[in-house]
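Trainee: For reference, the structure I am asking about is given below.
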Amino acid sequence: MRKYSNTRATLAIATASLKSILRSPSAVIFSLAFPLIFILVFGFIGGGGVKVEVGLGKGSDTTNIVYQELKGVNVVKLLPDLSEETLKKNLEKGSLDAVLTISKNPNGKPPYIVDVKYTKASLEKGNILKAVLNNIFYIVNTKGANAPPPVAELREATVHGREYKTIDFILPGQLGFSLLSTGVFGTAFVFLSLRITLVIKRFFATPVKRASIVIGEAIARITFSLIGALFIILVGHFFFGFTLIHGFVTVINMLILSVIGLIVFMGFGFTVSGIAKNESSVPPIANIITLPQFLLSGTFFSIEAFPKWLQPISRALPLTYLNDAMRKVAFEGAGLFDVTHQLLVLAIWGVIIYTVAVKAFKWE
Amino acid sequence: MEKKPVITVKNLVKNYGDFAAVRDVSFEVYEGEIFGLLGPNGAGKTTTLEIIETLREKTSGEIIVDGFSVDTNADSIKQRIGVQLQAAGYYPNLNLSELIDLFSGLYGITKKPMEMLGKVALTDKAKAKYKQLSGGQKQRFSIATTLINNPRIIFLDEPTTGLDPQARRNLWNLIREIRDAGTTVVITTHYMDEAEVLCDRVAFIDGGKVIGIDTPDNFIDKLVESGFERPKQVKAANLEDVFINMTGKEWRES
């Protein structure tokens, strides 16, 4: 008789489980749709940057150099064809940040007069416009004929840094949360239902080993999560400009982090499946584990923004460290060896939760 | 016919704390027979079965299945038996064909799903989910999963409970075919008419003890010899015969 293959049994379970997960709507919604919706929402909100909207007064001269220079500044959005009345009304409301009128000077010198009306409703943007105009005047006035020789010359340089976009913060958080929900809810539900419906008992009537069942399920969940993570990263990168510093290498590092995170979170899932008596008691118990991490682990906001007394709690949660490591890897281009501190904390959590899981888990 | 025991149970005892579920059960199952375990609910039938199937630890006693002891060779036994559990479900979201593949993997063998489903007349349901099957189809599918590893013995725990008369007869035929193909069948049931027509031998268990083992015919003859008489004379047919006669004897899928 041929020797019994544990690997084959494990893979049979992994295949079955993966098919089952892909056909279960809740798994797909929680792990993919949910994070993607958040990414979409924040992706669109975060894209804009600052715009100063400036109405152009009636009868403005648009052939002059000041106008041309202003048009070239992309912070300023010029709105030419508004009526006198609309200009006044919108300026008072603050939906226009300023109104600008450029006219030829009938007296000849200087050739143009620029009339600017700011509004108290939008002082900050008014100040930006003020700075922009000063800059333009400096250029225009020094270029003109008969301009006095310059006293000092301004040399500007901007260091080319990376732009930290909203998506760069949001995406790793969403990815972490997706892993947390797949790990906790998915694992808890599947093992509880396999136990209650006696599927596991039926498995035990075959030569399969317990380890094969656990490892097979883990392989399926990890595969599913990796596909999900890859999908989220690629959508984020190509549609919302998510920063991947070292490109492919960064993606691989993020996927490795995903696996580590998922394994830790599955430990919570095993524990919940052991504690829960039936399917309806899974969500409350699982939420006790996932919700605080959803809110406190820097999924949406940096934990630095939290009050001082809350921060130690945030710093105790495993998702905080996964999110942290993800952001360092994705945005700062860190390698896995640069996030050993975060990995160490995750490993400690892993040891703790699996110790609990071994005690709490039930086969029958 | 030479009677060679394929299962030997000697002085089996199973206690759950203070409660003795199985007190002292001994019996033998012969190769190639349909052996029925009969008895009221809570008599210890399922517990006895699950101990033989290596799913449960015994308190004491000796059990040999096809030459292997449950104490030392549970894995060899698992490879030689097929088990249908009372009320067991199957992996969610998979169709029958995929479930057969899964079990083939668990047994470490290669079986064509269609071949297995063909044995229980379910090839047209290959893409259906277990949940979508009728009661009779569910039981037939369960039996298909017990046959995947070409077992020497299969265990069926109340396979006909809840089935309509046609589906029940249909399952009897299937079980006979399995026996005729050389597989020993151990079955539990609450229907005595079923045990009478299906089982080669039956054991009555009550209160955790075996209170009699014999062929159904011998049991009935002995009872009649002892002067037993039914309070009402039996007619040449019963209401079930009427049911079958009126609704047709052919296979039906409900």
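Trainee: Output the residues belonging to region B:54-81 that are facing another protein chain (nearest Cβ under 8 Å) and either without any contact (Cβ under 8 Å) to a residue 24 or more places away in the chain or in contact with a strand residue (DSSP E or B) (Cβ under 6 Å, 6 or more places away or on another chain) (or both).
Mentor: Matches in region B:54-81: B:Asp75, B:Ile81.
Trainee: Starting from residues that are of a type in the set (Lys, Arg) and not in a loop (DSSP other than H, G, I, E, B), keep the ones in region A:7-34 and report whichever is farthest from the chain's Cα centre (by Cα).
Mentor: Top of the filtered list is A:Arg8.
Trainee: Would you mind stating whether A:Tyr4 is within 14 Å of chain B (Cβ to nearest Cβ), surrounded by 15 or more Cβ atoms within 10 Å (Cβ to Cβ) and over 28 Å from the mean Cα position of the chain (by Cα)?
Mentor: When the stated conditions are applied, A:Tyr4 passes them.
Trainee: So is A:Leu244 in a helix (DSSP H, G or I) and either of a type in the set (D, E, K, R) or more than 14 Å from every other protein chain (Cβ to nearest Cβ) (or both) or not?
Mentor: So A:Leu244 fails the test.
Trainee: Condition first: surrounded by 15 or more Cβ atoms within 10 Å (Cβ to Cβ), farther than 13 Å from A:Val339 by Cα and hydrophobic (A, V, I, L, M, F, W, C). Now tell me which residues in region A:302-327 satisfy that.
Mentor: A:Ile303, A:Phe306, A:Leu317, A:Leu319
Trainee: Could you tell me which of the residues B:Ala237, B:Ala181, B:Ala167 is more than 13 Å from the chain's Cα centre (by Cα), under 23 Å from B:Ala121 (Cβ atoms), surrounded by fewer than 21 Cβ atoms within 10 Å (Cβ to Cβ) and of a type in the set (A, V, I, L, M)?
Mentor: After applying the criteria, what remains is B:Ala181.
Trainee: Right, here's the next one. Taking A:Ile263 as the residue in question, decide whether it is within 23 Å of A:Ala188 (Cα to Cα), touching a residue at least 60 places away in the same chain (Cβ under 8 Å) and either of a type in the set (Val, Ile, Thr) or touching a Leu at 6+ places or on another chain (Cβ under 6 Å) (or both).
Mentor: Yes; evaluated as a whole, the condition is true for this residue.
Trainee: Given the conditions (1) buried (at least 17 other Cβ atoms within 10 Å of the Cβ); (2) more than 13 Å from chain A (Cβ to nearest Cβ); (3) touching a residue at least 60 places away in the same chain (Cβ under 8 Å), which single one is not true for B:Val120?
Mentor: (3) is the only condition that B:Val120 fails.
Trainee: Condition first: touching a residue at least 24 places away in the same chain (Cβ under 8 Å) and assigned to a helix (DSSP H, G or I). Now tell me which residues in region A:48-85 satisfy that.
Mentor: Matches in region A:48-85: A:Ile65, A:Val66, A:Tyr67, A:Glu69, A:Leu70, A:Glu84.
Trainee: Still on this model: The conditions are (1) within 30 Å of B:Ile100 (Cβ to Cβ); (2) at pLDDT 90 or above, and A:Gly176 fails exactly one of them. Which is it?
Mentor: Unmet condition: (1).
Trainee: Can A:Val184 be described as buried (at least 24 other Cβ atoms within 10 Å of the Cβ) and either within 7 Å of chain B (Cβ to nearest Cβ) or charged (D, E, K, R) (or both)?
Mentor: no
Trainee: Also: Go through region B:85-97 and report how many residues are more than 7 Å from chain A (Cβ to nearest Cβ) and crowded, with 22+ Cβ neighbours inside 10 Å.
Mentor: 1
Trainee: In region B:95-109, what count of residues is obtained for those that are without any contact (Cβ under 8 Å) to a residue 40 or more places away in the chain and in contact with a Ser or Thr (Cβ under 6 Å, 6 or more places away or on another chain)?
Mentor: Selection size over region B:95-109: 2.
Trainee: Right, another one. Take A:Gly269 and tell me if it is buried (at least 22 other Cβ atoms within 10 Å of the Cβ) and either outside the structural domain of A:Ile170 (by TED's automatic domain parsing) or not in a helix (DSSP H, G or I) (or both).
Mentor: no
The values are calculated or read from the model by the stated rules, or taken from the named source; none is laboratory data. This structure is a prediction, so every number in the text was calculated from the model and none was measured. Reconstructed Cβ throughout: ideal geometry from the backbone, glycine too, with neighbour counts over all protein chains shown.
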